[in-house]
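Enquirer: Have a look at this one.
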Amino acid sequence: MRFGDRVVRAAVWLAIPALVIASVWVPVIQHYQVPDPPPLTAEVIAQARSTPSEALLEDLRGERLLLLGLDGSEVVGAAEDLLRGRLRLIGQPPVPFHLSFSADDLAAGTAVTRLYVAGLAPADLLLRAYESTRDERFFSAARAWLTGFARYEQKALRPRGLLWNDHAAANRVFVLSDFWRVYRGRPDFDVRTARAVLTLAGRSGELLAVPHQFTFATNHGVMQNIGLLRFGLAFPTLPRSEFYRRLALERLEDQLAYYVSESGVVLEHSAGYQPFGVALLDLAFRYAGLLDLAVPQPWKEKLARAERFMAQLPRPDGTLPMYGDTGPSAGWERYLPGRPRPLGMRPVESVTWDPVAGYAIWWDGLESWPEARRIRQTVVTFSYFPGHAHKHADELSVLLWAGGQTWWTDVGYWPFDRPERDQATSWNGSSAPHLADEPAESRRTPRALFHGSSPDAVVVDVAREGPGGYRVRRQVVHLKPDVWLVIDAVTGAPGRVSVTRWTAGPGVLVQTGRTDGVFVLSTEKSRARLFAGYFGSSGTAVRLLPKTLGPFIGYRTEAGQAGQRDASAVELTQPGDDSWAAAAWLFDGNGTAEPVVAPAMKVWHGPEEWRALLPGAGGSALEITRNGNRVSFASTLGASETVVLEGADASAQREKIIRAFRRTAEEYPRTPLRIRYREWVTYTLVGVLLVQEGFLLAIARRGRGLAGRLRPLALPLWALGGVLMALVLGW
């Protein structure tokens with residue numbers, strides 16, 4: 001047989017296996033493929049050069065959904081690095097960079113770097129440097145890289161890096177509109193470059209609009225809608241611009257039913273996403289106003305309440321309580337989109353109680369703001385809305401900041417591409433009580449039970465139910481300004497162990513005290529100390545965890561970058577059924593007091609009838625008693641106080657939010673693409689094909705025509721395997 005005939009025959013025999021292997025990626029290609037916008041005629045391009053007005057584009061200038069976090073001189077320095085072939089983003093390790101666009105740029109560096117590259121951050125850096133210096137090198141490089149990116153994006157069949165990520169696609173519209181503002185009036189204007197830029201803008205708009213790509217559950221969906229509104233402002237003469245702006249407002253209406261609670265809490269389980277959500281909605285409403293789209297008054301009122309809740313979070317030093325995906329660094333406001341409000345704000349209320357969203361926030365010493373040493377912040381979080389973003393396993397956590405120092409904290413944000421993230425978001429990363437070996441995704445429901453406050457004290461009583469019959473009821477009692485009592489009553493898991501790990505804040509040293517179960521927390525930066533005593537029913541044990549054995553340890557040290565730091569932690573274990581355990585804290589801001597008594601439970605008849613003895617301020621002792629809905633305080637110094645608790649049933653309001661989320665999920669169903677799994681299947685199928693061909697080749701060398709008779713049998717098996725794979729895996 002001639003060589004050419006053998007090649008044709010081999011191609012025919014391999015066609016079905018090749019089709020089966022290729023079919024693995026067909027759903028991915030279909031998912032990301034968007035129709036090219038209609039051909040851009042010279043007339044359309046000419047209209048885009050004059051509409052919208054220069055004044056409007058100038059008003060939009062510099063706003064981003066991916067902020068660079070650099071000032072003028074830093075931008076020029078980073079742009080110079082780009083010209084030398086190195087991309088340097090704040091908080092990220094530098095990576096190689098190609099001035100003539102290369103797909104390798106999309107896959108370089110950390111996940112944050114890849115997001116910024118897909119969001120056109122290199123072109124953004126170069127453009128900003130050009131506008132700052134009028135150095136043509138920067139503009140020429142920005143134009144070349146941007147047009148190369150546009151050509152690649154239009155031809156790509158599957159995503160590389162975060163090429164078609166929703167956040168990146170939304171930010172592209174912002175960068176492209178700023179580039180177009182500069183480019184459309186230049187004397188070296190070229191129709192080919194203009195067509196590439198406007199086509200990329202049109203494809204980005206379509207990517208943001210297609211229903212199966214709408215990330216309805218999170219702030220990413222809000223950003224997609226903002227991207228469409230920005231498209232309507234910056235490119236009003238391009239096809240489908242009018243449709244995009246209407247679609248954005250319709251989708252925002254759906255999202256606002258569950259993205260922000262009626263009380264104004266952004267329901268993304270993280271302090272850091274409250275100001276981010278406020279900034280996004282503020283930007284969306286401003287863009288809608290510029291487009292003469294009516295923003296309903298209830299939306300504006302909800303945004304105002306969100307701003308009010310936002311003010312309850314920042315401490316005087318600008319840091320936030322680290323629950324959920326929240327980092328510890330001050331100065332994060334520089335990364336908010338649009339026109340963020342200043343964060344030197346003073347909290348509006350000393351007591352915030354939100355049983356629906358799942359938060360209690362208490363402030364002491366607000367009259368001394370911003371003198372940190374006199375101020376305390378206590379945060380109790382019991383928020384859990386399944387399907388919403390940035391959730392850590394942390395219901396019933398208590399975070400304490402006092403005298404300018406974080407004393408007890410959750411781990412907070414950990415980068416998504418770091419292997420430790422699963423541990424950071426697990427129960428080990430929080431101070432929440434949980435079953436030993438309980439997965440972060442366990443089925444559970446938080447409950448708000450009681451709350452009460454007086455001028456000198458505040459009490460919260462909350463619970464979580466599940467998994468199974470496991471139930472934890474946590475009471476947090478605070479006698480202002482320096483005494484706290486946390487009581488956990490556990491039922492429903494006989495034979496199991498309930499665990500609570502209290503992780504100290506960065507820079508805090510935890511040492512064992514003079515009495516069993518008592519620890520002393522201190523820091524080098526001040527004389528302040530926190531005395532922490534732990535006690536419980538029979539079977540309760542407490543220990544200071546060795547740093548090599550402790551819970552997941554780490555803090556984000558820079559934007560998007562994780563840095564290991566040792567952190568001390570206290571672990572408390574108690575039986576999983578019919579047990580109680582307690583933590584008592586006394587804060588000493590001057591470093592002079594010493595507790596005169598060890599904390600102890602004098603009476604326990606259940607979570608609503610008990611009496612505890614605690615060390616008090618000034619060397620006194622304090623007796624706290626609960627009897628039904630009354631919590632009383634009596635000091636050896638003669639002071640007394642009583643707080644009357646009120647019940648809190650938020651189940652109806654929570655269910656309303658959950659139903660709204662489910663309705664939108666049904667309207668925008670999403671199929672997981674499982675890219676890594678498809679890669680594994682592809683490698684496996686290629687391996688099977690190679691083994692098959694090697695086996696047939698070995699038989700063919702022995703002659704007798706056996707290989708020729710076996711090969712036809714392989715084709716139906718490949719075809720059947722492809723059909724079964726499609727049916728079983730849903731491809």
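Enquirer: Quick check: is even one residue across segment 366-379 in contact with a helix residue (DSSP H, G or I) (Cβ under 9 Å, 6 or more places away or on another chain) and closer than 22 Å to ALA448 by Cβ?
Expert: No, that holds for no residue.
Enquirer: Looking at segment 496-528 only, could you name the residues that are at pLDDT 95 or above and surrounded by fewer than 22 Cβ atoms within 10 Å (Cβ to Cβ)?
Expert: Result: ARG496, VAL497, VAL499.
Enquirer: Quick check on segment 616-631: of everything there that is in a strand (DSSP E or B) and within 16 Å of ILE487 (Cβ to Cβ), which residue is modelled with the lowest pLDDT?
Expert: Result: LEU622.
Enquirer: Wholly within segment 47-160, which helices (runs of 4 or more DSSP H) include no fewer than the required count, namely at least 1 residues that are out of contact with any helix residue (DSSP H, G or I) (no Cβ under 7 Å at 6 or more places or on another chain), at pLDDT 95 or above and closer than 26 Å to ASN225 by Cα?
Expert: Correct list: 54-60, 111-118, 121-133, 136-155.
Enquirer: On to the next question. Output the number of the condition that GLY205 fails; it satisfies all remaining conditions of (1) within 23 Å of the chain's Cα centre (by Cα); (2) crowded, with 19+ Cβ neighbours inside 10 Å.
Expert: (1)
Enquirer: What number goes with the only condition from (1) crowded, with 16+ Cβ neighbours inside 10 Å; (2) modelled with pLDDT of 95 or more that GLU646 does not pass?
Expert: Among (1) crowded, with 16+ Cβ neighbours inside 10 Å; (2) modelled with pLDDT of 95 or more, the lone unmet condition for GLU646 is (1).
Enquirer: Right, something else. May I ask you to say which residue of PRO17, PRO35 is loosely packed, with under 11 Cβ neighbours inside 10 Å and either in contact with a helix residue (DSSP H, G or I) (Cβ under 9 Å, 6 or more places away or on another chain) or modelled with pLDDT of 95 or more (or both)?
Expert: PRO35
Enquirer: Now for a different question. Counting just the residues of segment 231-260 that are hydroxyl-bearing (Ser, Thr, Tyr) and either in contact with a Cys (Cβ under 7 Å, 6 or more places away or on another chain) or more than 17 Å from TRP180 (Cβ to Cβ) (or both), which one comes out surrounded by the most Cβ atoms within 10 Å (Cβ to Cβ)?
Expert: TYR259
Enquirer: Quick check on segment 94-106: of everything there that is crowded, with 17+ Cβ neighbours inside 10 Å and hydrophobic (A, V, I, L, M, F, W, C), which residue is nearest to the chain's Cα centre (by Cα)?
Expert: Only one residue fits best here, namely LEU106.
Enquirer: Another question, if that's okay. Looking only at residues in segment 635-646 that are assigned to a strand (DSSP E or B) and small (Gly, Ala, Ser), which one is nearest to GLU623 (Cα to Cα)?
Expert: Residue satisfying both the conditions and the ranking: SER635.
Enquirer: Further, regarding this structure: Could you look through segment 647-693, keep only residues that are assigned to a loop (DSSP other than H, G, I, E, B) and among the aliphatic types (A, V, I, L, M), and pick out the one that is nearest to GLY358 (Cα to Cα)?
Expert: Going through the qualifying residues, I end up with ALA650.
Enquirer: Mind checking which residues of segment 487-546 are touching a Pro at 6+ places or on another chain (Cβ under 6 Å) and assigned to a loop (DSSP other than H, G, I, E, B)?
Expert: GLY539, the sole residue that qualifies.
Enquirer: Still on this structure: Just to be sure, is ASP190 surrounded by fewer than 23 Cβ atoms within 10 Å (Cβ to Cβ), among the acidic types (Asp, Glu) and under 26 Å from SER73 (Cα atoms)?
Expert: No: the conditions fail for ASP190.
Enquirer: In segment 670-718, what count of residues is obtained for those that are farther than 22 Å from VAL28 by Cα, at pLDDT 75 or above and of a type in the set (A, V, I, L, M, F, W, C)?
Expert: 13
Enquirer: Scan segment 626-662 for residues that are within 23 Å of the chain's Cα centre (by Cα) and basic (Lys, Arg) and jot them down.
Expert: Of everything in segment 626-662, those that are within 23 Å of the chain's Cα centre (by Cα) and basic (Lys, Arg) turn out to be ARG654, ARG659, ARG662.
Enquirer: Sticking with this structure for a sec: If you scan segment 289-310, which residues turn out to be in a helix (DSSP H, G or I) and touching a Phe, Trp or Tyr at 6+ places or on another chain (Cβ under 9 Å)?
Expert: Across segment 289-310, the qualifying residues are TRP299, LYS300, LEU303, PHE309.
Enquirer: Let me ask something else. Please state which of the following conditions TRP731 fails to meet, knowing it meets all the rest: (1) in a helix (DSSP H, G or I); (2) at pLDDT below 75; (3) surrounded by 12 or more Cβ atoms within 10 Å (Cβ to Cβ).
Expert: Result: TRP731 fails condition (1) only.
Enquirer: Residues to consider are ALA432, ALA448; find the one that is more than 30 Å from VAL112 (Cα to Cα), modelled with pLDDT of 95 or more and surrounded by 21 or more Cβ atoms within 10 Å (Cβ to Cβ).
Expert: None of the others qualify; the one that does is ALA448.
Enquirer: Consider segment 351-376. How many of its residues are polar (S, T, N, Q) and at pLDDT below 95? Before you say what the answer is, go through the steps one by one.
Expert: Narrowing segment 351-376 to residues polar (S, T, N, Q): 352, 368.
Filter once more, keeping what is at pLDDT below 95: 368.
Total meeting the criteria: 1.
Enquirer: Could I ask something else about it? Before we move on, is GLY91 in contact with a strand residue (DSSP E or B) (Cβ under 8 Å, 6 or more places away or on another chain), assigned by TED's automatic domain parsing to the domain that holds GLY205, on the phi > 0 side of the Ramachandran plot and buried (at least 19 other Cβ atoms within 10 Å of the Cβ)?
Expert: Details: in contact with a strand residue (DSSP E or B) (Cβ under 8 Å, 6 or more places away or on another chain): yes; assigned by TED's automatic domain parsing to the domain that holds GLY205: yes; on the phi > 0 side of the Ramachandran plot: yes; buried (at least 19 other Cβ atoms within 10 Å of the Cβ): no.
Spelling it out, it is not the case that GLY91 is in contact with a strand residue (DSSP E or B) (Cβ under 8 Å, 6 or more places away or on another chain), assigned by TED's automatic domain parsing to the domain that holds GLY205, on the phi > 0 side of the Ramachandran plot and buried (at least 19 other Cβ atoms within 10 Å of the Cβ).
The values are calculated or read from the model by the stated rules, or taken from the named source; none is laboratory data. What you see is a predicted model; the values in this text were computed from it and never measured. Here Cβ is always computed from backbone atoms with ideal geometry, including for glycine, and neighbour counts include all displayed protein chains.
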